[in-house]
Amino acid sequence: MKIKTTVLGEVEIDERQVFDFPCGLLGLPELTRFALIDSGHPPYFYLQALTEPYLSFAVMSPEVFRPDYRLDVDEADLLPLDMEPGKDTELLVFVIVNFNETPMITANLQGPLVFNKQTGKGCQCISGNPEYKTRHDVIAELAALKNKGESTC
């Protein structure tokens, strides 16, 4: 299917890239259908609202700069994902990224986006980990990993 985006223009996507967010995103409950699109600039992706071509978010896996990242949310927050009890579910976790003028790249670890590939459902949760904030300096954390000798791949 083809969708229009402000950032990438018109793009062809596979139906498997479309996710329903039954509760929308925090602050945007009316937007419930999004496509997860490769940006062409790893490790970034776009979360594109299907009904609003101008609305997209840069996202990335938090494990790129935080290999120890663990999803710490209430089980009730994951109910919109329609996971089958007793069945292993492969969840994808992304965080919203902001590119600031300084230049600085920050990531929101406090409000992770969780995707269930099997059901095509997604949700945004609030992390219960007090260490996770809304603005983590991605470049500084990558530099700290490098100084520790840890791989960022």
In segment 83-106, the residues that are assigned to a loop (DSSP other than H, G, I, E, B), surrounded by fewer than 17 Cβ atoms within 10 Å (Cβ to Cβ) and of a type outside the set (V, I, T):
E84, P85, G86, K87, D88, E90, E101, P103
When segment 25-43 is checked residue by residue, the ones that are crowded, with 18+ Cβ neighbours inside 10 Å and of a type outside the set (V, I, T) are L25, F34, A35, L36
Counting only residues in segment 44-54 that are touching a residue at least 40 places away in the same chain (Cβ under 8 Å) and open to solvent by less than 30 Å² (accessible area, probe 1.4 Å), the one nearest to the chain's Cα centre (by Cα) is identified as L47
Taking E141, is it out of contact with any strand residue (DSSP E or B) (no Cβ under 9 Å at 6 or more places or on another chain) and charged (D, E, K, R)?
no
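Here are P22, P80, P62: which of them is closer than 17 Å to C123 by Cβ, out of contact with any Leu (no Cβ under 7 Å at 6 or more places or on another chain), surrounded by 18 or more Cβ atoms within 10 Å (Cβ to Cβ) and not aliphatic (A, V, I, L, M)? Can you show your working first?
Working: P22 fails: surrounded by 18 or more Cβ atoms within 10 Å (Cβ to Cβ); P62 fails: out of contact with any Leu (no Cβ under 7 Å at 6 or more places or on another chain).
The match here is P80.
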For segment 112-147, enumerate the residues that are polar (S, T, N, Q), in a loop (DSSP other than H, G, I, E, B) and either touching a Lys or Arg at 6+ places or on another chain (Cβ under 7 Å) or open to solvent by less than 50 Å² (accessible area, probe 1.4 Å) (or both).
S127, N129
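Just to be sure before I move on: is L109 out of contact with any helix residue (DSSP H, G or I) (no Cβ under 9 Å at 6 or more places or on another chain), crowded, with 18+ Cβ neighbours inside 10 Å and in contact (Cβ under 8 Å) with a residue 40 or more places away in the chain in the structure I sent? Before you say what the answer is, go through the steps one by one.
On the way: out of contact with any helix residue (DSSP H, G or I) (no Cβ under 9 Å at 6 or more places or on another chain): no; crowded, with 18+ Cβ neighbours inside 10 Å: yes; in contact (Cβ under 8 Å) with a residue 40 or more places away in the chain: yes.
No.
The values are calculated or read from the model by the stated rules, or taken from the named source; none is laboratory data. Since this is a predicted model, take the numbers as computed values, not measurements. All Cβ positions, even for glycine, are placed from backbone atoms using ideal geometry, and neighbour counts span all protein chains on display. We work out accessible area using only protein heavy atoms, side chains counted, and drop any ligands, DNA or RNA first. Shrake-Rupley method; radii C 1.70, N 1.55, O 1.52, S 1.80 Å.
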